[in-house]
Amino acid sequence: MTRAAEIIADRAGRAPVRLGLVLGSGLGALADELEDATAFPFADLPEFPVSGVSGHAGALVVGTLEGVRVALLSGRAHYYEKGEAAVMRPALETVKALGADTVLLTNSAGSLRDEMPPGSLMSLMDHMSISGLNPLIGEATDDRFVNMVDAYAPHLRARLKAADEMLNEGVYAWFSGPSFETPAEIRAARILGADAVGMSTVPETILARFLGLEVAAVSVITNYGAGMTGRPLSHAETKSEAAKAQTRFRALVRAFVRSFA
Ligand code: HPA
């Protein structure tokens, strides 16, 4: 057990959690819907990152959703805050130590596909780390050579698809941020085969697979990629569009979680 997991189990009880949920920018409202919830601000948990991004509350909440015991991370930390790709490692290790074998990672992302407008949801079928960054750099054991074929487990993708028939599937490209991409970078990412771009999730997927957790991931599309509409991009738009998509997003997450009941 991590020290954080000990602290959590002492207060929230030792019954194992089934699932870890990581909520992205502007998507944290689900944390308020857990039953029998016990919340731990990141600041109270050893080694947990304190995220300074507006729209990210920064708490781990243990509770029940759709009859399933979950550990929910509302407010992740990002690579771009301090330049640490492994910033979410203690949090994911803790979710695993609490008993989870599966994580659902969520994020806000820009769309590279004309037919996937803001408000759409996309299940990740694969990803690319455009920047070449990796959270396992410095890891010394052979375990670092993590297989990334089917990193987004096909049987979990099927559960997501069953939960929302309109769900898109696509490839998510990780740019480090925090500046948004340039129009030239977006054109390049489209040519490379990406369907969406964002500043998170990829290092978490790599860490989760390293830890032996199964991964599913969902992007909430908040905007078209830079240069696709002629309008500038902003974090305010990310937050407001994420808020507008909350109803469908929450329904998808709840249905996915319910499939574990
Ligand atoms: N680029 C990167 N990250 C994002 C975007 C984007 O267009 N939208 C929301 N998060």
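So here's what we get for this one:
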item: Gyration tensor (alpha-carbon) shape descriptor, the range 96-166, a/c threshold 1.5; result: oblate
item: For the range 1-99, share of DSSP beta bridges that run antiparallel, in % to the nearest 5; result: 70 percent
item: For residue 218, residues with placed amide H under 5 Å, excluding near neighbours; result: 105, 106, 107, 124
item: Translational diffusion of the range 93-227, µm² s⁻¹ [Kirkwood Rh, Cα pairs; Stokes-Einstein; 25 °C; 0.890 mPa s]; result: 160 µm²/s
item: Relative contact order %, the range 160-253, counting alpha carbon pairs below 8 Å whose residues are six or more apart; result: 29 percent
item: Share, in percent, of DSSP beta bridges within the range 91-245 that are antiparallel, nearest 5; result: 20 percent
item: Options 42, 100, 28, ranked by Cα towards positive dipole end of the chain, top entry (Cβ charges); result: 28
item: HN-Hα J in Hz across the range 31-39 - Karplus 6.51, -1.76, 1.60, θ = phi - 60°, x for Gly and Pro; result: 4, 6, 9, 6, 8, 6, 7, 10, 10
item: Under the Karplus curve 6.51 cos²θ - 1.76 cosθ + 1.60, θ = phi - 60°, whole-Hz ³J(HN,Hα) for the range 210-224, x wherever Gly or Pro sits; result: 4, 7, x, 8, 7, 10, 10, 8, 10, 9, 9, 7, 10, 6, 7
item: For residue 102, residues with placed amide H under 5 Å, excluding near neighbours; result: 20, 214
item: Ranked list, fewest to most other Cβ atoms within 10 Å of each Cβ, for 130, 186, 191; result: 191, 130, 186
item: Under the Karplus curve 6.51 cos²θ - 1.76 cosθ + 1.60, θ = phi - 60°, whole-Hz ³J(HN,Hα) for the range 233-239, x wherever Gly or Pro sits; result: 9, 8, 5, 4, 5, 4, 5
item: Reciprocal mean inverse distance between Cα atoms of the chain - Kirkwood radius, Å; result: 18.2 Å
item: Beta bridges per DSSP with both ends in the chain, % antiparallel, nearest 5; result: 35 percent
item: Loop GluC sites (Glu not before Pro), the range 106-207 (other Cβ atoms within 10 Å of the site Cβ: 12 or fewer; DSSP); result: 115, 165
item: Built amide H within the under 5 Å cut-off of residue 72, gap 5+; result: 21, 61, 62, 63
item: Helix-only mean residue ellipticity at 222 nm for the chain, each DSSP H run of n ≥ 4 adding -39500 (n - 2.57), per residue, nearest 500; result: -8000 deg cm²/dmol
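Every read-out reported here was derived from the displayed coordinates using simple, explicitly stated rules and does not represent laboratory data. It should be emphasised that the depicted structure is a prediction, and the values quoted were computed from it without experimental measurement. We place every Cβ from the backbone using ideal geometry, glycine too, and count neighbours over all the protein chains shown.
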